[in-house]
Amino acid sequence: MDATAEANATATREDYKSRPGALIWFFRKSRDRWKSKHQNLKTRVKGFKNQVAAVTKSREQWRAKAERAGEQCYRFGNRERRAAGPQIRRRWRRKKKRTREVAR
């Protein structure tokens, strides 16, 4: 078994036609480029994740603020409607009477 492993190692060495120094330089450069590319992508992904988290948090805050404002408007509107109810009814009755008189 050791003999076949040594034979395979020797065969692979003979498969390359270039000098070992040139191969080492090429493989090292290739590895470094891959690492650099991977690091850049990793940084971008982290930035995108942070941005998504910030946008989600902001959206939740705005939604809560809008809901509070909506509730406040609803409460204020009900109060105003109740207070203005009789006045509005009077105006509406007056308009109704005028339209009846004009129609005759």
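State the number of residues belonging to segment 26-80 that are within 30 Å of Tyr16 (Cα to Cα) and either of a type in the set (A, V, I, L, M, F, W, C) or in contact (Cβ under 8 Å) with a residue 60 or more places away in the chain (or both).
Just the residues of segment 26-80 that are within 30 Å of Tyr16 (Cα to Cα), to begin with: 26-38.
So of that shortlist, the ones also either of a type in the set (A, V, I, L, M, F, W, C) or in contact (Cβ under 8 Å) with a residue 60 or more places away in the chain (or both) come out as 26-27, 34.
So the count comes out to 3.
In segment 1-40, what count of residues is obtained for those that are at pLDDT 80 or above, loosely packed, with under 10 Cβ neighbours inside 10 Å and part of a helix (DSSP H, G or I)?
Number of matching residues: 2.
Assess whether Ala54 counts as being modelled with pLDDT of 90 or more, in a helix (DSSP H, G or I) and of a type in the set (A, V, I, L, M, F, W, C).
Details: modelled with pLDDT of 90 or more: yes; in a helix (DSSP H, G or I): yes; of a type in the set (A, V, I, L, M, F, W, C): yes.
The answer is yes for Ala54.
The values are calculated or read from the model by the stated rules, or taken from the named source; none is laboratory data. All figures in this text were calculated on a predicted structure; none of them were measured in a lab. In this analysis, Cβ positions are derived from the backbone assuming ideal geometry, glycine residues included, and neighbour counts consider all displayed protein chains.
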